[in-house]
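The values are calculated or read from the model by the stated rules, or taken from the named source; none is laboratory data. This is a predicted model, so every value here is computed, not measured. No Cβ is skipped: glycine too gets one built from the backbone with ideal geometry, and neighbour counts run over all protein chains shown. We work out accessible area using only protein heavy atoms, side chains counted, and drop any ligands, DNA or RNA first. Shrake-Rupley method; radii C 1.70, N 1.55, O 1.52, S 1.80 Å.
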Amino acid sequence: MFRGATSLSLDAKGRLAVPTKHREALQLQCAGDLVLTAHPHRCLLLYPQPAWEPIQAKMMALSSFDKQSSALQRLLVGFAEDVAMDSAGRMLVSTVLRDFAGLDKEVMLVGQGSHFELWNMEAWRAQLAQVMQDDNFTMPSELEGFSL
């Protein structure tokens, strides 16, 4: 399970150092072979390769004649890139994906259980501010009766 939020810096070449606490798990789970792709919320999704494969299969099973399905296929599968951690635990974020998510030097890596989200720092802060000030926030029906 990947959890926690970590502030990171992209270097001049667009490389990101995966936090040490996640490197061992990623090496064990997928030998450092990862998939990085776009998300409709303008962040990036980072999956261990084995966790990505069933998602891609499910996406590609959708009808390409349905506008919403084909739009999601173009976004999630079309932007998907295989990336690998190097011996220093770094991975390269391509220019295309950096541009899509508006990533510059400061980024936020957020664990989401099976994968990570990678956010532009300002977009992350704005997204959090929106959630915190939203008086109309309602729990999804799947969590009805859920308590912390």
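Data overview
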quantity	calculated
Mean separation of Cα contacts under 8 Å, 6 or more apart, over the residue count of the chain: relative contact order %	33
Using a Förster distance of 41 Å, the FRET efficiency for K67-T20 (Cβ separation, nearest 0.05)	0.40
Modelled FRET efficiency - R0 22 Å, A5 with T95, Cβ distances, 0.05 increments	0.35
Solvent-accessible area per residue, Å², over the chain with all protein chains present [probe radius 1.4 Å]	62
Area projected by the alpha carbon convex hull of the chain, averaged over all directions, nm²	10.3
